Amino acid sequence: MRAFQYHRPASLAEAAALAARPEAKLLAGGQSLVQAMKLRLASPSDVVDLGALKDLAGIKTDGRTLTIGAMTRHAEVAESAEVKKAIPALAQLAGMIGDRQVRAMGTLGGSIANNDPAADYPAAVLALDAVIHTNKGRHDVGTFFKGLYETALAPGEIITAVEFRIPQRAAYMKFKNPASRFAIVGVFVADFGGGNVRVAVTGAGPCVFRQTEMEKALAAKFDPASVASIKVSPAGLNSDLHASAEYRAHLVTVMAKRAVEAALK
């Protein structure tokens, strides 16, 4: 780990000004950044700790949407009665992230800003047609995730909250790495009614993506059999020591089928 300047701003405006520095990095939960710094994969000149910005945490619902502050910890989402009532699948997803220590420190905003290709939250954000609110405005989820560790966030732009649409039913299933518990493949299925179904896949490719063929099949009939025979192409999918692209393609179908089964229970 190389030397850096540590900042703990007392306001969002101060944090944004510091974050706009060319080599600055935001510290939310620190579950990715600190490890990257230890391995010297990241060497920021300034680390801007958002931990003092209490207004960036919290959970609220209006019956149609569920809004979660960016600094809300995974454990808080997993244990929230409001989340369990509005979107049970989101609470279950949060409870699957990492281990107890990771869930106690990791944050929603940090996860989606980092956009790790194997992270769980991006699948929920994409499948639940979320709106990402920032200090500079808002981003529709369809244009937010750009690629490997890349998002639409501009320098000095900080996620403040994520607003999820509440579906009629939803579920998330993942085939996890037994050591890190990251998703080798994870599939989030959300049914909003009226033939509006969204299927988001994480872990399989360089970035979270929608599986439109499965969406069309489930819109016609929301049943596990609708996706069971869909063959996913391995082209462009990740291939590493954990799983080949072909195996990941197979897992997309398996996890999607299981997610639909879970959503119907």
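What follows draws every value from the coordinates through simple rules; no lab data is involved. These figures come from a predicted structure and were not determined experimentally. Backbone-built Cβ (ideal geometry, glycine too); neighbour counts: all protein chains shown.
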Open item on the list: Name the residue from 204, 124, 159 whose Cα lies farthest towards the positive end of the charge dipole of region 107-238, charges +1 on Cβ of Lys and Arg and -1 on Cβ of Asp and Glu.
Closed with: 204
TODO: Output the relative contact order of the chain, whole-number percent, from Cα pairs under 8 angstrom with separation of 6+ residues.
DONE: 15
Task: Theoretical gain in end-to-end length, residue 6 to residue 220 [0.36 nm per residue, Cα-Cα removed] - done: 71.7 nm
Task: Karplus 3J(HN,Hα) series, Hz, for region 213-225 with 6.51 cos²θ - 1.76 cosθ + 1.60 (x for Gly, Pro) - done: 5, 5, 4, 5, 5, 6, 5, 6, 7, 7, 8, x, 5
Open item on the list: Need the list of lysines near residue 146 for cross-linking: C-alpha distance under 19 angstrom, and skip anything on the same chain fewer than eight residues off.
Closed with: 25, 136
Task: Other-chain or far-sequence residues with amide H under 5 Å of residue 27's (modelled H) - done: 48, 49, 50
Open item on the list: With a cut-off of 8 Å between alpha carbons and a minimum separation of six or more residues, what is the relative contact order of region 126-238 in percent?
Closed with: 20
TODO: Report ³J(HN,Hα) in whole Hz for each residue of region 179-185, in order, from the Karplus equation J = 6.51 cos²θ - 1.76 cosθ + 1.60 where θ = phi - 60°; Gly and Pro get x.
DONE: 8, 8, 6, 5, 7, 5, 8
Task: Extension reserve of the residue 21-residue 235 stretch, reckoned as 0.36 nm per residue once the Cα distance is removed - done: 73.2 nm
Open item on the list: Roughly how far apart, in whole Å, are the Cα centres of region 79-110 and region 130-208?
Closed with: 14
Open item on the list: Taking 25 Å as R0, compute the FRET efficiency from the Cβ-Cβ separation of residue 99 and residue 36 and round it to 0.05.
Closed with: 0.85
TODO: Taking the convex hull of the Cα atoms, report for region 169-263 its projected area averaged over all directions, in nm².
DONE: 5.5
TODO: Please work out the C-alpha center-to-center distance from region 37-55 to region 226-265 and express it in whole Å.
DONE: 35
Open item on the list: Going by average Cβ density within 10 Å per residue, which order do the peptides 146-155, 182-191, 167-176, 84-93 take, highest to lowest?
Closed with: 182-191, 167-176, 84-93, 146-155
Task: Overall form of the chain per C-alpha gyration tensor (a/c, 1.5; a/b vs b/c) - done: prolate
- [ ] Determine the gain in length on full extension of the stretch residue 228-residue 62; use 0.36 nm per residue of separation and subtract their C-alpha separation, reporting nm with one decimal.
- [x] 56.2 nm
- [ ] Grab the beta carbon distance between residue 84 and residue 154, set R0 = 45 Å, and tell me the FRET efficiency rounded to 0.05.
- [x] 0.85
- [ ] Using only the Cα atoms of region 122-233, build the gyration tensor, take square roots of its eigenvalues as a ≥ b ≥ c, and label the shape rounded, prolate or oblate: rounded if a/c is under 1.5, else prolate if a/b is larger than b/c, else oblate.
- [x] oblate
Open item on the list: Classify region 124-177 from the C-alpha gyration tensor, please: rounded if a/c falls under 1.5, else prolate or oblate depending on whether a/b exceeds b/c.
Closed with: oblate
TODO: Quote the relative contact order of region 1-49 in percent (integer), defining contacts as alpha-carbon pairs under 8 Å separated by 6+ residues.
DONE: 58
- [ ] Determine ³J(HN,Hα), in whole Hz, for all residues of region 62-71 in sequence, where each value follows from phi through the Karplus function 6.51 cos²θ - 1.76 cosθ + 1.60 and θ = phi - 60°; x replaces Gly and Pro.
- [x] 10, x, 10, 10, 10, 10, 10, x, 4, 8
Open item on the list: Order 118-125, 107-114, 205-212 from most to least packed using the mean count of other Cβ atoms within 10 Å.
Closed with: 118-125, 107-114, 205-212
